[in-house]
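Before any comments, here is the structure.
The numbers here are math on the coordinates, done by the rules we state, and not lab data. Source: prediction; values computed, not measured. Note: ideal-geometry Cβ built from the backbone for every residue, glycine included; neighbour counts use all protein chains shown.
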Amino acid sequence: MVRNVFSTMVFGVLLAASALAQGPDLRWIDVPVVSGPSGGYTCVTKPYQGSAVITCDPYKIARLPPAAQTFLMAHEHGHVLQFVRGLQFASNPEADADCYAAKRLALTDSPTLAAAIQWLEHGLGAGGGDLMHGNGIQVAAFARQCAAQVGVRVQ
């Protein structure tokens with residue numbers, strides 16, 4: 001019995017180490033993105049049939065520059081991955097979704113990430129955001145840190 005428990009623990013540690021060696025889980029899971037009311041937010045992601053659906057207010061999203069729209073959609077897809085992995089109740093799902101967006105864009109479209117960070121800092125600034133998401137300056141700083149975690153430095 002003790003040997004089985006020990007073997008299970010070793011297997012779990014090796015599995016976790018293997019997952020870390022492969023890098024962060026930055027899968028992009030295609031889900032429906034629909035236009036509709038999103039409450040006080042530009043977009044919201046909700047669980048739907050084992051995955052999720054993203055609902056965006058077309059008037060709110062149209063007011064954002066393209067790079068900010070791209071970052072926001074990557075953020076929402078971070079929530080999709082949280083739902084699929086069962087991590088939607090993590091300690092800080094909004095920060096996790098921001099980090100997912102920053103890492104994914106750092107690896108796939110770093111110029112857009114840089115433009116989004118510039119908009120967060122100078123467009124949204126200290127006056128934008130809310131308690132759950134942080135203000136623009138905070139999100140921009142965190143996005144830089146997350147990009148650095150995958151080896152990309154963003155000015």
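Numerical summary
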| item | result |
| --- | --- |
| Sorted by Cβ neighbour density within 10 Å, fewest at the top, the residues Trp28, Trp119 | Trp28, Trp119 |
| Likely footprinting exposure, His77, His122, His133, fewest C-beta neighbours within 10 Å first | His122, His133, His77 |
| Value of relative contact order over region 21-155, rounded to a whole percent, pairs C-alpha under 8 Å and six or more apart | 19 percent |
| Pair-distance profile P(r), taking every C-alpha pair of region 26-149, with 5 angstrom steps and integer % | 2, 12, 22, 26, 22, 13, 3, 0 |
| Beta bridges by DSSP in region 26-149, antiparallel share as percent, to the nearest 5 | 70 percent |
